[in-house]
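Contents: one structure, followed by commentary.
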Amino acid sequence: TRQTDGQTDWTDRYPLFANKKKTKKKMSGLNDATQTGNRINKRSIVFILAAAAQRAGYGPVFVEESLGASMLFRMPKVELDANHATVLNAAMAKIIEQRLPVERCSVPREEAAAWFSKHGYVHAASLIQVCNKTHMDCHVVDLGGEDGRYMALAYGSFVHSTGDLCVEHFEVAYEEPYRHFRLHHAVPTPAPSGDGQVFAFRRTHEPKLMAAYQERKEWGDRLNLHSITSINRALMDGSTKRVVQLAEAQHDSQMSSIASQIVNGKDSVPPRLVLIAGPSSSGKTTMAKRLGVLLEAMGVVPTVISVDSYYRAWQDIDSRGMEHVDWESLKSLNLDLLNEHLLELLRGNEVKVPEYDMKTSMPMGEEHWTPTQLPAHGLIIMEGIHCLNPDLTSKVPRAEKFHIMISPLSAIKIDDHHLISSSQVRLLRRMVRDNLTRGRSANSTLMQWAAVVRGEHNNIFPNQNNADVVMNSGLAYEANVLKVFAEPLLKSITPEMPEIGRASCRE
């Protein structure tokens, strides 16, 4: 019943594990191999954390939230204080020092369910109960002595030995404002010299994003829609309509609240420029349209301006050729013209909004430009990856602007250690959208994803705290709907394609 998977040594395949003791070593660009190594590293650190908690007698570890380069977790059996963080860091370091083998095993379903129930992992045990498999894929490490083995359901690959991890790549900290423990993990980061990558901690404080996530989590807990198992049970029990209506109502409530904030403004002075930003497939365009309808119903007439209209000619961005142009750089936009037009519109004057030819990567002639003027009680809506960056609209006074960050923060558990992440949802959304509306294969979407993530880390996430409000575009039933379209696309990825690991969740 137990067989290891015989995978290739991660040290050879993924940069994160190469020269792991030289944490300041420069790395090549943030490519898919580096991202894959980062995912395996993060997943394995959580595994070692839970094993260390078992060895220390702290009981089950529940991951509550994963945002950026850290995650919140709780241990319900212990009273929280900073001493527990010290003990956990030491216990994790000891397990790494012992270089214990981590095996991927096929465990009989009843045996796995009994182990997770005994050790308090309720979500894993519930998931196994509704699973139709006779055996469960698990990762197992033998802690020795009275500690026995530690086991976790296998979602993606782990390191093959605890010694493959590096103590400089993680830190458990107790943070008083949250009354939680936080696990920080090192991530690929641009080197200070600008040449390549180093792996370092990226400590960020994201209060608005955190609040939106916690709000969704509490909503799911109240309605028992907090995990894949609970949602599937509701759907199988004939409550599909209820689940959809509840999720849509919560979504509409957020939209209405944001529209009201815009109309009422700060100190009763409503903004005139609404800026929407978010990572790929977070719902920026859909939100801009729905928000426009809501605002118009409230007596405010929106005018949508596309940031894409203000791209510069490719020769003005990089004369070496279009293949060298960084289209996601702020420098690729004609910021002077954009700001001039925004100021003129806010003064009530007419401007001619340019039109950009994406096929030639050139602005079209002025005869194609659109005369635009704000009506009475009007405002401007713009959406794009740079819309939270103050440099995009530097000449517009801050009081005139309202910034919205949008992202799908589902807060839905797969098991006690794994959540449906924002990036997973967005990748599936993009894959389905590209296939249905653009005729692109799943493989082509996966091939581009590393570059997409790189652009998000460079242009969106550093500015997300500039948001006045966060719109959570995740829906409780979304994974169930996406599965219908995404599963056949993922199965089209064949073993000889480099993207097979990502498509099959083996990496």
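A few remarks follow.
- Dipole moment magnitude, nearest 20 debye, the stretch 328-383 about Cα centre, only Lys, Arg, Asp, Glu C-beta charged: 100 debye
- Cβ-Cβ FRET estimate between Asp318 and Ser106, R0 fixed at 56 Å, reported to 0.05: 0.60
- Charge dipole magnitude, Cβ of K and R +1, D and E -1 - the chain, Cα centre, debye nearest 20: 740 debye
- Computed over the chain, the per-residue total of -39500 (n - 2.57) for DSSP H runs of n ≥ 4 gives a 222 nm mean residue ellipticity of -12500 deg cm²/dmol, rounded to 500.
- Segment Met358..Arg290, full-extension length gain: 21.9 nm, with 0.36 nm per residue of separation and the alpha-carbon distance subtracted.
- Measuring nothing but how far apart in sequence close Cα pairs (under 8 Å, 6+ apart) lie, relative to its length, the stretch 267-345 scores a relative contact order of 17 percent.
- The stretch 384-473, dipole about Cα centre (Lys/Arg Cβ +1, Asp/Glu Cβ -1), debye to the nearest 20: 320 debye
- Order by protection proxy (mean Cβ within 10 Å, highest first), peptides 345-351, 319-325: 345-351, 319-325
- Overall form of the stretch 373-507 per C-alpha gyration tensor (a/c, 1.5; a/b vs b/c): prolate
- The chain: antiparallel DSSP beta bridges as a percent of all, rounded to 5: 70 percent
- Most to least packed among 375-382, 93-100, 275-282 [average Cβ atoms within 10 Å]: 275-282, 375-382, 93-100
- The stretch 65-102 versus the stretch 388-430: alpha-carbon centroid distance in Å: 28 Å
- Accessible surface of the chain, 1.4 Å probe: 52 percent of it comes from carbon and sulfur atoms.
- If R0 is taken as 25 Å, the Cβ-Cβ distance between Ala114 and Asn232 corresponds to a FRET efficiency of 0.70.
- Per residue value of the accessible surface for the stretch 435-487 (all protein chains in place, 1.4 Å probe), Å²: 45 Å²
- Computed FRET value (nearest 0.05) for Val269 with Val130, which takes r as the C-beta separation and R₀ as 56 Å: 0.60
- Cross-link check: pairs Lys208/Lys289; Lys289/Lys413; Lys284/Lys413; Lys77/Lys241; Lys217/Lys284; Lys118/Lys491 evaluated at a Cα-Cα cut-off of 28 Å; pairs beyond the cut-off: Lys289/Lys413; Lys77/Lys241; Lys118/Lys491.
- Accessible area in square angstrom per residue, the stretch 215-327, 1.4 angstrom probe: 51 Å²
- With the charge dipole of the chain set up from +1 on Lys and Arg Cβ and -1 on Asp and Glu Cβ about the Cα centre, the Cα lying farthest toward the positive end among the listed residues Ser444, Gln464, Gln129 is that of Gln129.
- Ordering Tyr356, Phe62, Thr393 by the projection of their Cα atoms onto the charge dipole of the chain, which places +1 on the Cβ of Lys and Arg and -1 on the Cβ of Asp and Glu, puts Phe62 at the extreme positive end.
- The packing ranking of peptides 69-76, 364-371, highest mean first, is 69-76, 364-371, where packing means the average number of other beta carbon atoms within 10 angstrom of each residue.
- Between the stretch 431-498 and the stretch 256-294, the Cα center-to-center distance that results, in Å: 23 Å
- Amide N proximity, the stretch 284-302 versus Leu436 label position 7 Å along Cα-to-Cβ, cut-off under 20 Å: 284-291
The values are calculated or read from the model by the stated rules, or taken from the named source; none is laboratory data. Values in this document were obtained by computation on a predicted structure and should not be read as measured data. As a convention, Cβ positions derive from the backbone with ideal geometry for all residues, glycine included, and neighbour counts pool all protein chains shown. Note: accessible area is taken over every heavy atom of the protein model, side chains too, but ligands, DNA and RNA are not part of it. Shrake-Rupley method; radii C 1.70, N 1.55, O 1.52, S 1.80 Å.
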